Amino acid sequence: MNEKHDQDLERQLSDMLTEGEMQQKDREQEQRRLLNPKYEIRIQTQLDPIVEETKQYRSMAKELDDRYDKYMEQADKKAKPDNQDA
């Protein structure tokens, strides 16, 4: 009896899923979701947010490790030519 009931439920579910067409609105939404974006948005900034946050953090407390030292050195090297031209 359980088997028959399970089969009936599966048949009903199958009918509900395959019955009729997907609504046009849902189809358009699904197509948009599947599309890969053609463009990438990038924002150019004058100041590096990582450098600025690291400077703020270092002004408030001492770091436990030196994970940003190398990055900060690279940022300083990039910033020096800009400052010399001015």
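The values are calculated or read from the model by the stated rules, or taken from the named source; none is laboratory data. Not measured: the values here are computed from a predicted model. All Cβ positions, even for glycine, are placed from backbone atoms using ideal geometry, and neighbour counts span all protein chains on display. SASA here: full protein model, heavy atoms, side chains in, ligands and nucleic acids out. Shrake-Rupley method; radii C 1.70, N 1.55, O 1.52, S 1.80 Å.
Here is a yes/no grid of residues against (1) farther than 30 Å from Glu73 by Cα; (2) of a type in the set (Phe, Trp, Tyr); (3) modelled with pLDDT of 85 or more:
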| position | (1), (2), (3) |
| --- | --- |
| Glu10 | yes, no, yes |
| Met22 | yes, no, no |
| Asp26 | yes, no, no |
| Arg33 | yes, no, no |
| Pro37 | yes, no, no |
| Asp48 | no, no, yes |
| Ala61 | no, no, yes |
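I'm trying to understand the selection: among the residues of region 34-50, which are assigned to a helix (DSSP H, G or I) and surrounded by 10 or more Cβ atoms within 10 Å (Cβ to Cβ)? I'd like the intermediate steps shown before the answer.
Of all residues in region 34-50, those assigned to a helix (DSSP H, G or I) come to 34, 49-50.
Across region 34-50, the qualifying residue is only Ile50.
The residues of region 51-70 that are outside any loop (DSSP other than H, G, I, E, B) and open to solvent by 80 Å² or more (accessible area, probe 1.4 Å), listed by number, are Glu53, Lys55, Gln56, Tyr57, Arg58, Ser59, Met60, Lys70.
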